[in-house]
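The values are calculated or read from the model by the stated rules, or taken from the named source; none is laboratory data. A quick note: this is a predicted structure, and the numbers were derived from the prediction, not measured. FYI the Cβ positions are ideal-geometry reconstructions off the backbone, even for glycines, and counts take in every protein chain you see. Accessible surface is based on the protein model in full, side chains and every heavy atom, while ligands, DNA and RNA are left aside. Shrake-Rupley method; radii C 1.70, N 1.55, O 1.52, S 1.80 Å.
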Amino acid sequence: MTRSARRTRRTLQLAGAGAAALLALSACSSSDSGSGSDAGSGSGSGSGGSDQVSGTVNVFAAASLTESFTELGKTFEKQHPGTKVVFNFGGSDSLAAGITSGAPADVFASASPKTMKVVTDADAAAGTPATFVHNRLEIATLPGNPDGVSSLGDLTGDGLKVVLCDKTVPCGAAAQKALTSAGLELTPVSYEEDVKSALNKVVLKEADAAVVYRTDVQAAGDKVEGVEFPEAAKAVNDYPITLLKDAPNSAAGEAFMELVRSAEGQKVLTGAGFTAP
């Protein structure tokens, strides 16, 4: 091969290598640009979701949800760093009255459709409330059941101090429904403002028995003893939940409701004695 031919061949090799390098650089640049765009989009989406769920979420919830919702509140705060869940637990009727009077709240979880209707009738709910759990009644007696209570009828016996929830509260309305279905009349020593107050009368030994929810009996542990009765099946309470129309933090409220309805949330609730809808 002549010197001229060798020089020509060398020139072509260098030109080909340069072109290949240029193509590789172009492809790499294009790939980096595309992945950067995708990452930016993904990051923007992720941070956007995080930005939406921040601050304080105010939840008004039936007293019987105290233990399970408190646990879910802690889970929510871990899932969304920087958030804080503030609960207002109480009788569903008083909570509904507070909401319709303008109390700042994001979510309302009631122990009955009737008390939820107070909120929806006032046009204070955003959307249609959905049932997320059911609950049923149980008799709470002193530890060891010293009075031998075995039925709802036993509560009508002389000398037995029994407390009920107020009739306007879901647990009180359910108790009245169960008593009516059994053809029984019961005059308690007191009507309490919510189910926790009724249960506490037994815990403090100020009453011999109370008609409460089985979830509350379970939460009390060995402080009381539970007695099931068949009439409870005729007075099962549906628990609806809703986002409120004037929610100060609707994004966080929606996120909390999603947790409640999720498999994780339902596991906590059923573990507390509620049943799935």
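For this structure, a couple of remarks:
- Counting protein heavy atoms only, region 44-151 has 51 percent of its accessible area on carbon and sulfur, 1.4 angstrom probe.
- Of the GluC sites (Glu not before Pro) found in region 125-192, those that fall in a DSSP loop while having at most 12 other beta-carbon atoms within 10 Å are 185.
- FRET E, pair residue 156, residue 71, Förster distance 45 Å, beta-carbon r, rounded to 0.05: 0.75
- Distance from region 209-277 to region 172-205 (C-alpha centre basis), Å: 19 Å
- Spin-label model distance (nm) - residue 121 vs residue 101, 7 Å beyond Cα toward Cβ: 1.7 nm
- Here region 162-277 exposes an accessible surface that is 48 percent carbon and sulfur, computed with a 1.4 Å probe and the other protein chains kept in place.
- For region 56-134, the Kirkwood hydrodynamic radius from C-alpha pairs, put into Stokes-Einstein at 25 °C and a viscosity of 0.890 mPa s, yields a diffusion coefficient of 190 µm² per second.
- Ratio of the Cα radius of gyration of region 159-269 to 2.2 N^0.38 Å, where N counts its residues: 1.27
- Cut-off 18 Å, label 7 Å out along Cα→Cβ of residue 79, residues of region 223-263 by amide N: 241-244, 249-263
- Extension gain, residue 205 back to residue 181 (0.36 nm per residue minus Cα-Cα distance, nm): 5.8 nm
- Sites matching trypsin sites (Lys or Arg not before Pro) across region 122-190 that sit in DSSP coil, with at most 15 neighbouring C-beta atoms within 10 Å: 167
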